[in-house]
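A.B. asks: Here it is, the structure, as structure tokens.
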Amino acid sequence: MSTSHEPFVATGDIPASPPPSSAVGPIAWVRQNLFSSVSNTVMTLLGIYVIYSLLASVVPWLLLNSVWNASSLQDCRSIDNGACLAVIRERYLQFIYGFYPNEERWRPVVAFVLMLVALWPVLFAGAPRKLLFGSMLYPAVAYWLIWGGTIWGPIAVMAGPIVGIIVYRIVDQVLCRLMDEGIAGILAVSGAVLVTVAWWLFAVAEVDSALAAVLDIGLEPVASDKIGGFLLSLIIGVSGIAGSFPLGIALALGRRSNLIFIKAICTGFIEFIRGVPLITLLFVASVLLQYFLPPGTTFDLILRVVIMVTMFAAAYMAEVIRGGLAALPKGQYEAADALGLDYWKSMRLIILPQALKISIPGIVNTFIGLFKDTTLVIVIGMLDPVGILGPIRADQNWNGIVWELYGFIGIFFFIFCFGMSRYSLYLERKLQTGHR
Amino acid sequence: MAVISNDGDGFRLGMLVYDTRYRSYTIQIFALILFMLAVAWLLDNAITNLALLGKTFSFGFLFETASYDINQRLIDYTSTDTHARAAIVGILNTLLVAFLGCITATIIGVIAGVLRLSNNWLIARLMTIYVEAFRNIPVLIWILITVAVINESLPAPSGFRGADPAASPFLGGMLVLTNRGFYIPAPIWGDMSMAVVAVFLLSIVAMFVFRRWARKRQEATGEILPVLRISLAIFFLPTLLAFFALGMPITLEYPELKGFNFQGGVFMRDSLIGLWLALSLYTGAFTAEIVRAGILSVSKGQSEAAFALGLRPNRTMNLVVLPQALRVIVPPLISQYLNLTKNSSLAIAVGYMDVTGTLGGITMNQTGKAMECILLLMTFYLIASLSISSVMNWYNERVKLRER
């Protein structure tokens, strides 16, 4: 028996037929994600209704019927029934600067641009490292630009650490010949710290006035109560962020230290600050702090508030970083010890880089919280963006305006805080070493 | 050859720096001295300053007449009462808004957190927008906005008047929303009403006893009772029976329009409602993220393993997923409650008289006793937060993984 015909043998691949239109493409996506079941369909319809009603009320109000050109609220209402954005147009400079003198407003702008330059090497790895020295000088420059006065004051303050370092070098050299090296080192460091503090307390004012008498370089001074609006929020927020980060690290290390007394101080401080609302600390800054300083001492309200806000954020920061320190496997600590590193070296080179990386989301959340909390300074009468609402509403032209102003302030804070949270995502991705 | 040289056991000065046994003492004594010097300096300054201003440090002012009014209060108070009583009214107001806020924030947060994980793309995105909007804008602005919404968009009490009113109460007169605040019915406690309350409290106790008994029985015999249904029955039935058997001793007083305003019922001012809503929505956004993280933290293998064991979906949820997710959710949730309580001090911005408004506001300004008032204020918040965090520690201890 033999068959007369050959069996069929395929000569090439049969092309795959396309998937049915219900499995791929936009229709399938809509089916899977929006209408996969009855409850899902109901939720989708509800969602569409919510979006529709939101858009239906906001879009005509904000975009279609809004009024940009008017001199008062009555004018606005007589032109159209939408948002009266003319108030923003007229007052946005006040929102930005508060009552900062008109002709000096270039100074905060320069300070802001310089801040971006100073932040560049801190925030992004690609920047030239040498710029970091510039960033260290930035606080004095910004202070001088915003508050004005002679240039010698900030220079004298910045000279403090330099004086301290010189004292340290000299004392160390001299004492090393006389006694044990370690003790000499400790004495030199404490001497340098004492001299630096003494310089700040007693010498700065004299140096400032002496140099100003010789060579008067300076800007028109601007009083603190003229500073307001977003400028004030940024001053408090940025200096609070810059101060609370190192202080928070120190507190976290102190709380995990083996030295019982140091631990007790740090724990007590952190728990106290975290237990009370920021408002009470602001009350302390505005009415109570002067009681605890030598009679007759007064210093700037903004500075007092910045100190309080920094302490407040540092306590929260310390807890976040402590979480990162605790999350690190014990082997890392033991390995650092086994390498023979001393405490500070092991912290600086092994522990903190990893612990800080773990705690980035928490750290950025604390920063965002701090920035939002700057609005609370209104309760002690400072003119932050919310405080600026008072003078605007007191103006007869704009009496009774609400939503436009709240929306404007809200959008400002949203942009900054949302930006910070996006930056934290970028940082997490960049530092990801792929362990997990 | 290593030679261990031990030149005597004598103590040398260098050991204070190099010997780790002594170095920690050196550092600590140094720090202690500095700390005490700083405290002494601050106290000395405070005493000098108080003396210079002719002030004394005493709490006697608490028992003087307050002579200011508080418009929202839980206990009786008139302007002839003492500052101490005003402070207590404020404390109760703080606790009221914190308590209400914690409940609603939890409800909002759980719903939003679960919906953010929903398969429905649109709903998940909507919830993301809600969470991001509330997390990135200061709570103070949300409080001002909600109060403004109430004041601007709700009808005035006069709108309810006339034959054809522009606005009408909801739920058959039980809920009246005006731009000055909300009115809800007030309970009137008649004769024998305490008996109903007693029955209610007893049935709560009975419910807990029953649940414990049911668990023991399940562990002993393996038989599973319908615990939820029976506990609900114990919760409601005896109270309802007692209520009707005693002839309905508790009645409700409805708010009624008399003259220019509503009378009767419980009046919740616009500031209370606005603060409560804003704090709930704001904290709810944070809670949503906590809930989402908690659910995501339970690995998928856990529920798959439970299904493989033959557990039904709701039993898997109750016995496997929820206990593990709650371990992650509860500690940060409690610290959100703490934040809400502290944020309630922003009441001062909308004129709700909480403890910051009475003790730290009007009392402080009237008496000039800044130091005493702020001290008391801080003590109150510290006690509140320490008690909340001790609850958290107790819970953490209870649910801690017992690892070997």
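A.B. asks: Using the charge dipole of chain A (Lys, Arg: +1 at Cβ; Asp, Glu: -1 at Cβ; taken about the Cα centre), state which of A:Ala213, A:Gly275, A:Gln32 has its Cα farthest towards the positive end.
C.D. replies: Result: A:Gln32.
A.B. asks: What average number of partner chain Cβ atoms lie no more than 10 Å from the Cβ of the residues making up A:283-291?
C.D. replies: What the average comes to for A:283-291 is 5.
A.B. asks: Over the Cα atoms of the stretch A:334-436, what radius of gyration and what Dmax do you get, in Å?
C.D. replies: Expressed in Å, the Cα Rg and Dmax of the stretch A:334-436 come to 21.9, 73.
A.B. asks: Additional query: So what is the relative contact order of chain A, in percent, for Cα pairs below 8 Å that sit 6 or more residues apart?
C.D. replies: Answer for chain A is 16 percent.
A.B. asks: Same structure, new question: If eta is 1.567 mPa s and T is 4 °C, what Stokes-Einstein diffusion coefficient results for the stretch B:231-345, Kirkwood Rh from Cα pairs, in µm²/s?
C.D. replies: So the translational diffusion coefficient is about 68 µm²/s.
A.B. asks: On to the next question. Rg (Å, one decimal) plus Dmax (Å, integer) for the alpha carbons of chain B?
C.D. replies: When restricted to the Cα atoms of chain B, Rg and Dmax are 29.1, 111 Å.
A.B. asks: To continue, here is another question. If you place +1 on the Cβ of every Lys and Arg and -1 on the Cβ of every Asp and Glu, how big does the dipole about the Cα centre of the stretch A:287-377 come out, in debye to the nearest 20?
C.D. replies: The calculated dipole for the stretch A:287-377 is roughly 120 debye.
A.B. asks: At what distance in angstrom do the alpha carbon centres of the stretch B:204-248 and the stretch B:79-146 lie from each other?
C.D. replies: Going from one Cα centre to the other spans 33 Å.
A.B. asks: Could you check the simple spin-label distance between B:Ala308 and B:Ser67, using points 7 Å along Cα→Cβ, in nm with one decimal?
C.D. replies: 7.8 nm
A.B. asks: Mind pulling the angle between the C-alpha long axis of helix A:131-147 and the longest principal axis of chain A? Nearest 10 degrees, somewhere in 0 to 90.
C.D. replies: Result, in degrees: 70.
A.B. asks: Given the -39500 (n - 2.57) contribution per DSSP H run of 4+ residues, what per-residue ellipticity at 222 nm results for chain B, rounded to the nearest 500 deg cm²/dmol?
C.D. replies: Rounded to the nearest 500, it is -21000 deg cm²/dmol.
A.B. asks: Over 15 Å, how big is the tail of the calculated P(r) for the stretch A:149-219, in percent of all Cα pairs?
C.D. replies: Looking at the stretch A:149-219, the distances longer than 15 Å represent 57 percent of pairs.
A.B. asks: A further question follows. With N set to the number of residues, divide the alpha-carbon radius of gyration of the stretch A:25-163 by 2.2 N^0.38 Å and report two decimals.
C.D. replies: 1.84
A.B. asks: Hey, another quick one. Treat every Asp and Glu Cβ in chain A as -1 and every Lys and Arg Cβ as +1, leave all other atoms uncharged, and give the resulting dipole magnitude about the Cα centre to the nearest 20 debye.
C.D. replies: 780 debye
A.B. asks: Please compute the contact order of the stretch A:149-219 in relative form: average sequence separation of alpha-carbon pairs under 8 Å and at least six residues apart, divided by the residue count, as a percent.
C.D. replies: The normalised contact order for the stretch A:149-219 reaches 55 percent.
A.B. asks: So what's the back-of-envelope 222 nm ellipticity for chain A, counting only DSSP H runs of four-plus at -39500 (n - 2.57) apiece and dividing by all residues, rounded to 500?
C.D. replies: Estimated from H runs of four or more residues: -22000 deg cm²/dmol.
A.B. asks: Would you work out which of B:Thr178, A:Leu349, B:Leu50 lies farthest towards the positive end of the dipole of the protein assembly as shown, given +1 charges on the beta-carbon of Lys and Arg and -1 on that of Asp and Glu, about the Cα centre?
C.D. replies: A:Leu349
A.B. asks: Shape of the stretch B:118-252 from its Cα gyration tensor (a ≥ b ≥ c, root eigenvalues): rounded if a/c is under 1.5, otherwise prolate when a/b > b/c, or oblate?
C.D. replies: It is oblate, given that a/c is not under 1.5 and a/b is not larger than b/c.
A.B. asks: Using only the alpha-carbon atoms, what does the stretch A:195-243 span along each of its principal axes? Please give whole angstrom values in decreasing order.
C.D. replies: 36, 29, 15
A.B. asks: Need one word for the protein assembly as shown: rounded, prolate or oblate. Basis is the Cα gyration tensor (sqrt eigenvalues a ≥ b ≥ c); a/c below 1.5 gives rounded, then a/b vs b/c decides.
C.D. replies: Taking the square roots of the gyration eigenvalues as a ≥ b ≥ c, the protein assembly as shown is rounded.
A.B. asks: Let me ask another. Past the 31 angstrom mark, what percentage of all C-alpha to C-alpha distances in the stretch A:224-436 do you count?
C.D. replies: Everything past 31 Å amounts to 32 percent.
A.B. asks: For Cα pairs less than 8 Å apart in space and 6+ apart in sequence, what is the mean separation divided by the residue count of chain B, i.e. the relative contact order in percent?
C.D. replies: With pairs under 8 Å counted, the relative contact order is 22 percent.
A.B. asks: List the aspartates and glutamates whose Cα lies under 20 Å from the Cα of A:Lys372, skipping any in the same chain that are fewer than 8 positions away.
C.D. replies: A:Glu319, A:Asp384, A:Glu404, B:Glu132, B:Glu289
A.B. asks: Okay, moving on. Near B:Lys400, which lysines are there with a Cα under 24 Å away, not counting those fewer than 8 places off in the same chain?
C.D. replies: Partners found: A:Lys330, B:Lys216, B:Lys300.
A.B. asks: For the stretch B:20-114, what does the alpha-carbon gyration tensor say about shape, rounded, prolate or oblate, given a ≥ b ≥ c as the root eigenvalues, a/c under 1.5 as rounded, and a/b over b/c as prolate?
C.D. replies: Oblate shape, in that a/c is at least 1.5 and b/c is the bigger or equal ratio.
A.B. asks: How many Cβ atoms of partner chains, on average, are near each residue of B:129-142 if near means within 10 Å of its Cβ?
C.D. replies: Per residue, the number of nearby Cβ atoms from other chains is 6 on average.
A.B. asks: Express as a percent, rounded to the nearest 5, the fraction of DSSP beta bridges in the protein assembly as shown (both residues included) that run antiparallel.
C.D. replies: Given both bridge residues lie in the protein assembly as shown, the antiparallel proportion sits at roughly 95 percent.
A.B. asks: Give me a single rounded figure for B:357-368: the average over its residues of other chain Cβ atoms within 10 Å of their Cβ.
C.D. replies: 1
Values in this text are rule-based calculations from the coordinates and carry no lab data. Quick caveat, the model's predicted, so the values are computed rather than measured. Because the Cβ atoms are built from the backbone with ideal geometry, glycine has one as well, and the counts that use them run over all protein chains shown.
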